[in-house]
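A.B. asks: This is the structure I want to talk about, given as structure tokens.
Where a number appears in this text, it was derived from the coordinates with a stated rule and is not lab data. All values reported here derive from a predicted model rather than from experimental measurement. So basically every Cβ, Gly included, is an ideal-geometry build from the backbone, and we count neighbours across all protein chains shown.
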Amino acid sequence: MLYGEQNAHLRNIEQALGVDITCRGNELLLSGESRNKQQARAILEDLWQQVQKGQDIDHHSVDAALRFLDRQKDDMNGSGKNNGGGSAKNDQPTITTRKKKILPRTPMQADYIAAMQEKHMVFGIGPAGTGKTYIAVAMAVAMLEEGKIERIILSRPAVEAGERIGFLPGEMRDKMDPYMRPLYDSLYDAMAADKVQKKLASEEIEIAPLAFMRGRTLNNAFIILDEAQNATRMQMLMFLTRMGENSRMVITGDPSQIDLPDNSGSGLVEASHILADEENIGFVYFSSRDVVRNKLVAQVIKAYERRKQSKKT
């Protein structure tokens with residue numbers, strides 16, 4: 001099933017669930033406590049289903065399956081019905097572009113995808129490395145290819161992270177490139193490079209600095225505001241009211257990385273309070289548990305979170 005890296009994947013499952021897995025030809029024998037064996041079986045069956053669908057299995061796949069099982073255990077513990085069985089990732093929402101299929105790698109990513117499928121305005125809030133921007137761009141590409149929207153608009157506040165890079169030559173897109181690079185990276189991962197360039201040239205994909213959004217009404221568009229923690233309160237209100245007919249809007253940001261001057265409040269933080277109870281607006285909050293980069297990134301975020309909490313007390 002998991003040839004090549006099979007042993008490493010199985011060892012990860014053993015360590016996570018406290019079971020022993022023995023390979024005998026094409027069979028896997030599980031030993032350990034009954035509940036742990038049921039959970040390991042659910043993980044292995046989930047991975048096998050992915051293989052049968054033609055999906056490659058790597059350490060990210062195993063990690064994702066374990067994360068979804070953790071969510072399932074948390075849900076069952078809350079209801080008092082945790083029997084440890086069942087699939088780890090039943091019927092999770094996915095994003096399919098012509099280039100690739102994007103599967104959620106954490107339960108919160110699954111909630112985020114579902115929110116974007118159901119609601120026209122979604123806030124993705126949380127630390128770096130949780131896939132907020134990547135998934136939003138992938139969803140925008142999928143909807144453009146399906147003909148559900150006519151263009152993608154990518155925006156970011158042009159705020160430097162603690163250092164000034166000075167005057168930048170060239171046209172507006174050239175000037176914005178350093179700020180927009182993460183969005184470009186996500187675009188190229190979801191869509192073929194030649195198609196990205198073609199759609200940029202035809203303005204089906206548009207790079208729009210936040211400061212230049214005033215006065216526009218954006219119809220039939222998927223609009224993404226990235227690094228929204230660096231939008232001022234006035235900029236955030238201006239941006240949110242640009243939304244036109246048949247449009248989708250996703251706002252992403254990390255309130256722990258605000259680069260605004262001390263005397264100006266974050267529009268993202270304010271919006272998360274003002275709009276929290278509004279119908280048809282989705283809020284998805286990521287945490288260090290949802291980091292899908294190098295595991296050290298999660299450790300760094302947790303360490304900073306502990307430091308912040310200790311200062312409060």
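A.B. asks: Between beta-carbons, use under 13 Å as the cut-off and find the net charge around Tyr285, counting Lys and Arg +1, Asp and Glu -1. Numbers along the way, then the final one.
C.D. replies: On the way: positive: Lys132, Arg289; negative: Asp111, Asp254, Asp290.
So the surrounding residues net to -1.
A.B. asks: What number comes out for the charge environment of Arg216, summing +1 per Lys or Arg and -1 per Asp or Glu over other residues with Cβ under 14 Å away?
C.D. replies: Numbers: positive: Arg151, Arg214, Arg242; negative: Glu203, Glu206, Glu245.
In short, 0.
A.B. asks: Of the listed peptides 15-27, 250-262, what is their order by residue-averaged count of other C-beta atoms within 10 Å, with the highest listed first?
C.D. replies: Details: 15-27: 12.8, 250-262: 18.2.
Most protected by this proxy first, the peptides run 250-262, 15-27.
A.B. asks: With a sphere of radius 11 Å drawn around the Cβ of Tyr188, what net charge do the other residues whose Cβ falls strictly inside it have (Lys, Arg +1; Asp, Glu -1)? Provide the component values of the computation, followed by the final result.
C.D. replies: On the way: positive: Lys99, Arg181, Lys195; negative: Asp185, Asp189, Asp194.
Computed value for this residue: 0.
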